[in-house]
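Every number in this text was worked out from the coordinates using simple rules, so none of it is lab data. Everything numeric here is computed off the predicted structure, so don't read it as measured data. Cβ placement follows ideal geometry from the backbone for every residue including glycine, while neighbour counts extend to all protein chains displayed.
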């Protein structure tokens, strides 16, 4: 395959990988501010990774071009790492949590306990926006 066609097809595979992650998972910012080590996010991330890997392999085999595979595999690794890291971050501390076990859904969120989150100044109390 000519280099300009190969790179164009590879860019298309990168877009496909991005679309898979975009449709399989919530926005990255929502993953990052949610409870750390969420089991549902982890399962959806694995599904997106396997789907992206399968599509990347299929398209690169049909194209018979290693550039397409390299770009698609690189995008899959990048998106997977990005979402994996976001799922590890505890929004209360702003740091990634360490541990193999996934926590239950009972972890407090900002809505449940807003005083535990840095930067919260209680500025909504008494305003028309308070619930």
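Sorted largest first, the spans of the alpha carbon positions of the stretch 10-93 along the three principal axes are 47, 18, 14 Å.
In this simple spin-label model, placing a label point 7 Å from the Cα along the Cα-to-Cβ direction at both residue 22 and residue 42 gives a separation of 2.8 nm.
Suppose the chain between residue 64 and residue 84 were pulled fully straight at 0.36 nm per residue; how much longer would it get relative to their current alpha carbon spacing?
Details: separation 20, 0.36 × 20 = 7.20 nm, distance 3.06 nm.
Gain on extension, residue 64 to residue 84, equals 4.1 nm.
Neighbour counts of other Cβ atoms within 10 Å put 88, 1 in the fewest-to-most order 1, 88.
Starting from 0.36 nm per residue, how many nanometres of slack lie between residue 30 and residue 95 once their C-alpha separation is accounted for? Present the calculation step by step, with values, prior to reporting the outcome.
Details: separation 65, 0.36 × 65 = 23.40 nm, distance 1.55 nm.
Once the chain is fully extended between residue 30 and residue 95, it gains 21.9 nm.
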